[in-house]
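The values are calculated or read from the model by the stated rules, or taken from the named source; none is laboratory data. All of these numbers come straight from a predicted model, not from anything done at the bench. Every residue, glycine among them, receives a Cβ derived from its backbone with ideal geometry; neighbour counts consider all protein chains shown. Quick note on the areas: whole protein, heavy atoms, side chains included, nothing else; ligands and nucleic acids left out. Shrake-Rupley method; radii C 1.70, N 1.55, O 1.52, S 1.80 Å.
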Amino acid sequence: MKDKRVLLTGGTGGLGSGVIPHILAKGAQLSIPYISPQKVERLKGFISPSDLSRIRFVEANLTEEASVEKLVNGLERIDVLIHLVGGVSMGITVEYSFEDWKKDFDLNLNTTFLMCKHSLKRMQENDYGRIVTIGSRGAVEPASGLAAYCAAKAGVVALTKAIAQETKGTNITANVVLPSVIDTPGNREAMGTENADKWVKPGSLAEVICFLASEAAKDIRGAAVPVYGSI
């Protein structure tokens, strides 16, 4: 991935802060969209000045197509898209509001569609690209109380596989990673730490993501890679 231009969404989140060091260690140049300046400043505190010189932060709202298009078209080149943006919310179906359902799809599926759509256009200009999206174990093993989240992530899997079919015969690939519970500060706060040793470590997930985003994965397309830890 040396000198590859990587567009990483969700970089200021719990998973993003665990993935960024691995991408930088492989020599890539990073562009990270953000909404909260405070989260950007917090992230900068964990990154060395030399590595910061290889990161560009761009304010963008990934749920709005005009904002995504401006973000993508404002970059010199996009070799790799790693889309980490997403979030879990819980509630049984009969009590779940339609508004919350739509918010879940906006955050998890619609941002994926917009980022893939516009990044793919740029990748086609150079006949090179690696798209890595984040699904969930729940996309293939839906759980009670997570219907909206699991349905949205199942959509991410289907979208990624469809893009892989659409880009056959090119040097562009699309693959999706299916993590189980990730060991992030947010999950520890929400779920406690009793089973944290069994959860997927961000660094472990990062290595899978980086492989799929690399030259070495040129023959892998449309894969849904399970990363379940010990659960």
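Counting charges near D106 (Lys, Arg +1; Asp, Glu -1) among other residues having Cβ under 13 Å from its Cβ returns a value of -3. Compute the signed sum of charges (Lys and Arg +1, Asp and Glu -1) over the other residues within less than 15 Å, Cβ to Cβ, of M1. Computed value for this residue: +3. Cross-linked pairs K44/K102; K121/K198; K39/K102; K2/K44; K121/K161: Cα-Cα separations exceed 28 Å for K44/K102; K121/K198.
Distance from the alpha carbon centroid of the range 102-148 to that of the range 159-184 works out to 8 angstrom. Using the empirical formula 2.2 N^0.38 Å as the baseline, the Cα radius of gyration of the range 118-175 reaches a ratio of 1.32. Give me the aspartates and glutamates in straight-line cross-link reach of K153: C-alpha distance below 13 Å, same-chain residues under 8 apart excluded. The reachable aspartates and glutamates, counting only those whose Cα sits under 13 Å from K153, are D104, D106, E141.
Solvent-accessible surface of protein heavy atoms, probed at 1.4 angstrom with all chains present, puts W199, W101 in the order W101, W199, largest first.
When the surface is traced with a 1.4 Å probe over the full set of protein chains, F211 keeps roughly 90 Å² accessible. A 1.4 Å probe run over the chain, with the rest of the protein chains in place, finds 47 Å² accessible per residue.
In straight-distance terms, cross-link reach from K168 covers every one of the aspartates and glutamates whose alpha-carbon lies under 15 Å from its own, apart from those fewer than eight places away in the same chain; here that gives D127, D219. Computed from point charges on the beta carbon alone (+1 for Lys and Arg, -1 for Asp and Glu), the dipole magnitude for the chain about its Cα centre is near 580 Debye.
Translational diffusion of the range 65-110, estimated by Stokes-Einstein from the Kirkwood radius over alpha carbon pairs at 10 °C in a medium of 1.306 mPa s, is 122 µm² per second.
The spread of Cα positions in the chain, taken along each principal axis and listed from longest to shortest, comes to 47, 40, 34 Å.
For GluC sites (Glu not before Pro), the sites in the range 1-91 that DSSP calls loop and that have at most 15 other Cβ atoms within 10 Å are E64, E76. In this view, the solvent-accessible surface of R56, computed with a 1.4 Å probe and all protein chains in place, comes to about 110 Å². So what is the diffusion coefficient of the range 58-165 in µm² per second by Stokes-Einstein at 10 °C and 1.306 mPa s, using a Kirkwood Rh over Cα pairs? Value of D from the Cα-based Kirkwood radius: 109 µm²/s. Note on the chain: helix-only mean residue ellipticity at 222 nm, from DSSP H runs of 4+ residues weighted -39500 (n - 2.57) and normalised by residue number, equals -12500 deg cm²/dmol. Straight-line cross-link partners of K26 among the aspartates and glutamates, defined as a Cα under 15 Å from its Cα and at least 8 positions apart when in the same chain: D3, D51, D79, E207, E215. Taking the 1.4 Å solvent-accessible surface of the range 124-190 as the whole, the part contributed by carbon and sulfur is 50%.
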